[in-house]
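The values are calculated or read from the model by the stated rules, or taken from the named source; none is laboratory data. Source: prediction; values computed, not measured. With ideal geometry, Cβ positions are generated from the backbone for all residues, glycine too; neighbour counts draw on all protein chains shown. The accessibility values were calculated without ligands, DNA or RNA, using every heavy atom of the protein model including side chains. Shrake-Rupley method; radii C 1.70, N 1.55, O 1.52, S 1.80 Å.
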Amino acid sequence: MKEELDTRFLNRLMYIGGTIILVSILAFLFNYLGLFSWTIKIFIAISPVFIAIFISFLMEPVIGFLISKGMRRNIAVIITYLLLIGIIALFFYITVPSLINQIENLINNIP
């Protein structure tokens, strides 16, 4: 049992180490060939898709819970989006006044 655990740990460690080495080599090659600017432009163009996939991944358990309580899927999705928008609005409602106050204090205290 212990040997099996050690083998799994070593396999996982080798996988992580190999991934780090591969990413390092790719980063070096991209830098050497001057492809970083091209790669960053593509990443910026594709990043909204990744953000949307991440948000949908986070919202799926909430939607599944509402469906299990007998709600139709389209109503559950609308409620989940409204909840998400409400949380984001609450975050800005709490943080923006404090941020404005701190920026005003910074501007007033600059010598």
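Overview of values
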| quantity | calculated |
| --- | --- |
| Neighbours by Cβ (under 6 Å, 6+ apart or cross-chain): first from region 50-74, closer than 12 Å to L84 by Cβ; second polar (S, T, N, Q) | M59/T80; V62/T80; I63/T80 |
| In region 33-70, the residues that are open to solvent by 70 Å² or more (accessible area, probe 1.4 Å) and touching a Phe, Trp or Tyr at 6+ places or on another chain (Cβ under 8 Å) | F36 |
| Only listed residue being in a helix (DSSP H, G or I), open to solvent by 100 Å² or more (accessible area, probe 1.4 Å) and over 30 Å from I88 (Cα atoms), chosen from F30, F9 | F9 |
